[in-house]
Amino acid sequence: MTSQLPSPTSTPQPDRRVDDLSHTFEMRFTSTPRGARLARRLAAHRLDTWGIPYGTGPHEEIVLVLGELTANAVRHGHVPGRDFHLLLHVIAPARTVGIEVTDTRTERTPPRPEALPAPGSEDTHGRGLLLVAALATRWGWHLRPEGPGKTVWAECVCATPT
């Protein structure tokens, strides 16, 4: 018995406005440095295909923010045997890029954006969220309502249309 797939012309397509060019990418990654690196590379490629090209200021800033959040999920949110989840979404009319990184560790939470401490000159860590705060339009975090862990999120507004 064979099955027939509907042809693309016979399948009704949702009615989309021309300026509604929203995009979403989400995936789970191993909670390792290699997983964080892969998340950053795949997201960078997606941004490029969505119209935020490699080598532009918005692309580089978004990838840097995303890289810091995924690295923090691996370093501070790692639970053995648990992955982290990345959600990247672009809303084209508003030119807003949202980044959400979710890990499964509840007891280690970042400071609130308004209480972000500045590291001392001798400190060898503690600058990642300062970069996020400087580059993102806004950022924050919340505990996961459906399970253990937290989601750290950031929003970046692009100066160029996507």
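Given a 1.4 Å probe and every protein chain left where it sits, what share in percent of the accessible area of the stretch 33-162 is carbon and sulfur?
Here it works out to 54 percent.
Going by Cα centres, the stretch 101-116 and the stretch 23-100 are how many Å apart?
With the stretch 101-116 and the stretch 23-100 each reduced to a Cα centre, they are spaced 17 Å.
What Rg and what Dmax come out for the stretch 42-90 when only alpha-carbon atoms are used, in angstroms?
Over the stretch 42-90's Cα set, Rg and Dmax evaluate to 12.4, 37 Å.
Could the peptides 85-98, 113-126, 137-150 be put in order, highest first, of the mean number of other beta-carbon atoms found within 10 Å of their residues?
Answer by packing, highest mean first, reads 85-98, 137-150, 113-126.
Looking at the stretch 24-162, I'd like the Rg to Rh ratio, where Rg is from alpha-carbon atoms and Rh is Kirkwood's inverse mean 1/r.
Rg/Rh for the stretch 24-162 comes to 0.96.
The values are calculated or read from the model by the stated rules, or taken from the named source; none is laboratory data. Every value quoted in this text rests on a predicted model; they were computed, and no experiment measured them. Backbone-built Cβ (ideal geometry, glycine too); neighbour counts: all protein chains shown. Calculation scope for accessible area: heavy atoms of the full protein, side chains included, ligands and nucleic acids excluded. Shrake-Rupley method; radii C 1.70, N 1.55, O 1.52, S 1.80 Å.
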